[in-house]
Amino acid sequence: MANPREILEYARTIAVVGASAYPEKPAHTVPRRMLRAGYKIIPVNPNSPVVLGMEAYPDLGSVPDAIDLVDVFRPSAEAADVARQAVAVGARAIWLQQGIVSAEARRIAEAAGMDYVEDRCLAVEYALSGLGRPPA
């Protein structure tokens, strides 16, 4: 299983489940930072048609592009369902943001051969990785 830095090295397209249209929320600021760092961000939010000025999709199955990494900003109780969707669309990895933990999501991801991270902030790990300039 790849570590967080290795995931950040191979991931180019990140689908953000629970991406927020509200600039004060981490579910908005983290994807914005990753976008500024050069990653392709795909917002996934059934309640917001536009996030970060981009079309948001209602679920992972609606995303027309290949997904390297699924970044999750949803409660822990929803993580297993997101993991199942991530497996179904062929994502390489799933990353549960800081404060989100799910043993069931981990089992689903590992059984599918996916890389898995939980309870860590994607933007913080990127800044610590030394892969590029810290996100603005």
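Assorted remarks:
- Projecting the Cα atoms of Ile41, Ser76, Val117 onto the charge dipole of the stretch 23-136 (Cβ charges, centred on the Cα centre) puts Ile41 farthest toward the positive pole.
- Pair-distance distribution of the stretch 52-106: all C-alpha pairs, bin width 10 Å, starting at 0; shares per bin in whole percent are 24, 55, 20, 1.
- Among Leu60, Leu122, Leu35, the residue with the largest mean-square fluctuation in a Gaussian network model of the chain, with springs joining Cα atoms closer than 10 Å, is Leu35.
- Globularity ratio of the chain, using Cα Rg and 2.2 N^0.38 Å: 0.93
- Using a cutoff of 8 angstrom between alpha carbon atoms and counting only pairs six or more residues apart, the relative contact order for the chain works out to 26 percent.
- Here the gap between Arg120 and Met1, fully extended at 0.36 nm per residue and compared with their Cα-Cα distance, gives a gain of 41.2 nm.
- Between Ala2 and Tyr116, the built amide H atoms are under 5 Å apart, and every one of these is 5 or more places off in sequence or on another chain.
- The GNM of the chain, with springs linking C-alpha atoms under 10 angstrom apart, assigns the highest mean-square fluctuation among Ala88, Ala112, Ala27 to Ala88.
- Candidates Glu104, Glu78, Glu24, ranked by Gaussian network fluctuation over the chain, Cα under 10 Å, top entry: Glu24
- Apolar share of the accessible surface for the chain: 50 percent from carbon plus sulfur atoms, 1.4 Å probe.
- Helical mean residue ellipticity (222 nm; -39500 (n - 2.57) per DSSP H run of 4+; nearest 500) of the chain: -10500 deg cm²/dmol
- Label zone at Lys25, where the point sits 7 Å out along the Cα-to-Cβ direction: the stretch 43-65 residues whose backbone N lies under 20 Å: 43-63
- Helices assigned as whole DSSP H runs in the chain whose Cα atoms extend at least 18 Å along their own long axis and whose mean Kyte-Doolittle hydropathy is -0.5 or higher are found at 76-89.
- Antiparallel DSSP beta bridges within the chain, percent to nearest 5: 10
- Computed with a 1.4 Å probe over protein heavy atoms only, the accessible surface of the chain comes to 47 Å² per residue.
- Applying 1/(1 + (r/R0)^6) with r as the Cβ-Cβ distance of Val101 and Glu55 and R0 = 35 angstrom yields a FRET efficiency of 0.70.
- Between Asp81 and Ala66, the simple spin-label model (points 7 angstrom out along Cα→Cβ) gives 2.9 nm.
- Shape class of the stretch 1-71 from the alpha-carbon gyration tensor: oblate, with a/c at 1.5 or above and b/c at least as large as a/b.
- Within the stretch 42-136: Cβ-based charge dipole about Cα centre, in debye rounded to nearest 20 (Lys, Arg +1; Asp, Glu -1): 120
The values are calculated or read from the model by the stated rules, or taken from the named source; none is laboratory data. Small disclaimer: the values here were computed from a predicted structure and weren't measured. Note that we place each Cβ from the backbone using ideal geometry, even for glycine, and neighbour counts take in every protein chain shown. Surface areas here come from the heavy atoms of the whole protein model, side chains and all, with no ligands, DNA or RNA. Shrake-Rupley method; radii C 1.70, N 1.55, O 1.52, S 1.80 Å.
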